[in-house]
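A short worksheet on the structure shown next.
Derivation of every value follows stated rules applied to the coordinates shown; laboratory data play no part. Being a predicted model, the structure only gives us computed values, none of them experimental. For neighbour counting, all protein chains shown are included, and Cβ atoms are generated from backbone atoms with ideal geometry for every residue, glycine included.
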Amino acid sequence: MVARLCSVALSKSEVQPKQEQGLELSEALTIRDTHAILIYLSTLGGSLYPEDSQVLVDSWLEVVETHYKVPFTIWTSPYFSSVPVSEELISQSSKDCKALLKELDGSLKKSQFLAGDSLTLADISLASELFHAFRLVVDENTRKGFKSTVDWFLRVSQVAEFEAVWGKIELCKTALPVVRKEEEGKQDVKKEEVKKQQPKKEKKPKENVQIDKEAQARKQQERKEKKEQEALAKLQAEQKKKEEESKAE
């Protein structure tokens, strides 16, 4: 997207596969960091990284990475991740995200874009982080609380190059329902019931198999709790850092 906006043509050999994300500049040099790649491409052409606003753009890129990425990822995680996340963590992330959007609204009352009156890397980066949230969970009633943020998001998301990557945005009227795995499997229930109705040969109970299943279930529960604790700890660390930064200011 940024390459298109900067009129920079990239060959397939320069772009690394998704699992090895990076931009190969030479055999000895490959840029891995996403924001570093965006900045490098912007220096080759276009106006996404203007000299008079580079410090402000850099600041916003850092804020996107440290403040927005984690809570918005957790808030929308039920739609994308097969790993269950606790309702408590999702609820807390929802509150944090709404507070961030409200704070962002104040900044955008002064200008059309994050770093002034023209589109920059900061807008592209933040709008990309918010795309799924506006499509899935930031409902019509919630959006009433930060009109300037919504107007800004629509301006960025309707840029042709942005649409070419993310698709046409459709703001949700209400939060879309989450289709969980157990619901996806409902179609197979009838097949299972038919199988149960068919006569089966009696089998002797296998105690060892039952024990193995119970042990496996315990391990899965332990892994689930560990992941939830790690996610919660990370979120708390982000909140603590934000509070410390606010105090420092």
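Stokes-Einstein diffusion for segment 126-180, with the hydrodynamic radius set to the Kirkwood value over Cα pairs and evaluated at 10 °C in a medium of 1.306 mPa s, equals 137 µm²/s.
Per-residue Karplus couplings for segment 153-166, computed as 6.51 cos²θ - 1.76 cosθ + 1.60 with θ equal to phi - 60°, are listed in order as 4, 5, 4, 6, 5, 8, 5, 3, 5, 5, 4, 5, 8, 9 Hz, Gly and Pro entered as x. Less than 5 angstrom separates the built amide H of Ser47 from none of the residues sequence-distant by 5 or more or on a different chain. Only one residue of Ala99, Val64, Ile74 has its Cα farthest out toward the positive end of the dipole of segment 51-166, where Lys and Arg carry +1 and Asp and Glu -1 on Cβ, and that residue is Ala99.
Under the classification rounded if a/c is under 1.5, otherwise prolate if a/b is larger than b/c and oblate if not, where does segment 76-150 fall, given a ≥ b ≥ c as square roots of the Cα gyration tensor eigenvalues? Prolate is the answer for segment 76-150, as a/c is 1.5 or above and a/b outweighs b/c.
Extension gain, Glu62 to Gln236, is 60.8 nm, computed as 0.36 nm per intervening residue step minus the present C-alpha separation.
In terms of surrounding Cβ atoms within a 10 Å radius of their Cβ, Asp96, Asp139, Asp151 rank from fewest to most as Asp151, Asp139, Asp96. Ranking Ser125, Val150, Ala160 by Cα position along the charge dipole of segment 51-166, where only Lys, Arg, Asp and Glu carry charges on their C-beta atoms, puts Val150 farthest toward the positive end.
3J(HN,Hα) along segment 49-64, derived from phi through the Karplus expression 6.51 cos²θ - 1.76 cosθ + 1.60 where θ = phi - 60°, amounts to 9, x, 4, 7, 10, 4, 5, 5, 5, 4, 4, 5, 4, 5, 5, 4 Hz, with x in place of Gly and Pro.
Karplus-based coupling profile of segment 137-145, in residue order and whole Hz: 10, 7, 6, 4, 5, 5, 5, 5, x, with θ = phi - 60° in 6.51 cos²θ - 1.76 cosθ + 1.60 and x standing for Gly or Pro.
Restricting segment 51-128 to trypsin sites (Lys or Arg not before Pro) that sit in a DSSP loop and have at most 14 other Cβ atoms within 10 Å of their own Cβ leaves Lys109, Lys110.
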